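These notes concern the structure reproduced below.
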Amino acid sequence: MNPSRAGAWAMKRVLYHSGLLGLARLARQRGRGLVLRYHALTDDTREVDYATPDICLPVAAFRLQMAFVKRAYSVVPLEVIVGALSAGGVLPPRALAITFDDGYADNHRLGLPVLRQLGLPATVYVSTGCLDGGPPLWMSAVRTLVLHAPGPTLAIAGVPPITLGPKGQRAAAVRTATRALVPLEPDERAVRVADAARTAGVDLDRALGGCMLTWAQVRELAGAGWTIGAHTVTHLNVALADPGMAEAELGASRDAIAAHVGGAAIHFAYPNAGGQHRYFGSEVTAILRRLGYHSATTSRPGSIRPGLDPFALPRIGVSPRLAPVIELAAALERQRLAA
């Protein structure tokens with residue numbers, strides 16, 4: 001570890017264990033809240049095909065993080081934060097909400113037992129078309145295709161040949177392929193990926209079977225106090241899509257949740273595959289409002305403060321870099337104390 005990084009680590013430990021971070025939190029904006037953003041939980045540190053390592057967290061680290069936030073914050077359902085913002089009210093002191101994106105089955109298998117034991121609520125935003133044995137998330141399909149394709153390059157129609165590199169070193173190739181396919185319409189993208197997989201001899205259905213939630217599992221999460229939010233049908237970038245297609249997916253995902261779970265789906269998370277493209281804006285917010293949604297979360301970091309637009313809620317993405325509790329604690333305080 002270089003000297004500057006070692007110094008930063010030591011300072012974090014001093015702040016965390018001395019309680020100065022907590023004192024600073026009390027001294028600054030008491031009315032600020034936080035929303036955490038998770039995706040996949042894993043049994044250990046080994047990589048999985050269906051999600052990139054930067055959005056995976058081992059369940060052991062998640063368990064420690066949840067014990068920490070229970071001690072340090074007031075963990076509340078997302079709707080408590082949204083309700084306070086919409087009514088112009090005051091956020092609960094040290095309010096924090098926990099969210100998951102996409103709808104991976106591991107949220108139920110690994111996340112639910114942890115949160116149930118601690119008595120903590122959460123929100124899961126599901127891409128409804130991928131549940132119950134539907135087509136896998138297109139980003140999962142692309143990642144699996146890139147990881148397992150033979151040869152030095154991968155051919156996907158309409159995309160320049162992608163240099164793969166040796167197996168175990170294909171993260172850059174996954175990013176390249178994903179970002180190139182984001183702007184496509186879902187049906188066209190599905191055909192291109194399926195054709196490429198067939199040519200490469202990669203069985204996507206076999207590799208990705210069971211990686212997404214079933215509706216029975218979603219109902220169990222709802223019964224355990226989780227909020228079920230929408231994340232489109234196909235993980236569509238709604239800001240880049242034709243407005244008619246965007247509205248159709250926003251409405252269909254809302255309706256699917258209502259049909260399978262009961263009750264209105266009124267919270268939404270903007271899909272942001274690849275992290276390179278515009279993924280939300282005023283035109284999408286107008287559609288969400290028209291369809292009866294009450295909030296929408298982004299993947300921009302930041303804290304929740306009075307007066308914030310409930311359709312542009314920031315969240316703190318919890319990547320493996322923040323797996324140690326001390327790193328998470330420091331990151332949360334930076335956001336809460338930011339001007």
Problem set entry | Enumeration of residues in the stretch 145-160 that are touching a Leu at 6+ places or on another chain (Cβ under 7 Å) and open to solvent by 70 Å² or more (accessible area, probe 1.4 Å) | PRO152, THR153
For this session: Inspect the stretch 230-241 for any residue being assigned to a helix (DSSP H, G or I) and open to solvent by 10 Å² or more (accessible area, probe 1.4 Å) and give the result as yes or no.
Result: no
For this session: Check whether at least one residue in the stretch 84-95 is closer than 23 Å to ILE326 by Cβ and at pLDDT 95 or above, and report yes or no.
Result: yes
Exercise. Has the stretch 279-302 got any residue that is closer than 26 Å to TYR73 by Cβ and acidic (Asp, Glu)?
Worked result: no
Seminar exercise, completed: Per the filter on the stretch 170-182, residues in contact (Cβ under 8 Å) with a residue 60 or more places away in the chain, of a type outside the set (Ser, Thr, Tyr) and either in contact with a Pro (Cβ under 6 Å, 6 or more places away or on another chain) or open to solvent by less than 70 Å² (accessible area, probe 1.4 Å) (or both) are ALA171, VAL174, VAL182
Seminar exercise, completed: With criteria (1) open to solvent by less than 40 Å² (accessible area, probe 1.4 Å); (2) in contact with a Phe, Trp or Tyr (Cβ under 7 Å, 6 or more places away or on another chain); (3) not acidic (Asp, Glu), SER303 comes up short on (2)
Seminar exercise, completed: Expected single match for buried (at least 16 other Cβ atoms within 10 Å of the Cβ), outside any loop (DSSP other than H, G, I, E, B) and among the hydrophobic types (A, V, I, L, M, F, W, C) among PHE280, PHE268 is PHE268
Exercise. If you check every pair at least six apart or on different chains, which have Cβ atoms under 7 Å apart with a residue in the stretch 324-339 that is free of Cβ contacts under 8 Å to residues at least 60 places away in the same chain first and a residue that is surrounded by 15 or more Cβ atoms within 10 Å (Cβ to Cβ) second?
Worked result: ALA331/ILE316; ALA331/LEU322; ALA338/SER303
Exercise. Within the stretch 34-44, can one find any residue that is over 27 Å from ARG175 (Cα atoms), open to solvent by less than 50 Å² (accessible area, probe 1.4 Å), touching a helix residue (DSSP H, G or I) at 6+ places or on another chain (Cβ under 7 Å) and modelled with pLDDT of 95 or more?
Worked result: yes
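The values are calculated or read from the model by the stated rules, or taken from the named source; none is laboratory data. Quick caveat: nothing in here was measured; it's all calculated off a predicted structure. For neighbour counting, all protein chains shown are included, and Cβ atoms are generated from backbone atoms with ideal geometry for every residue, glycine included. Quick note on the areas: whole protein, heavy atoms, side chains included, nothing else; ligands and nucleic acids left out. Shrake-Rupley method; radii C 1.70, N 1.55, O 1.52, S 1.80 Å.
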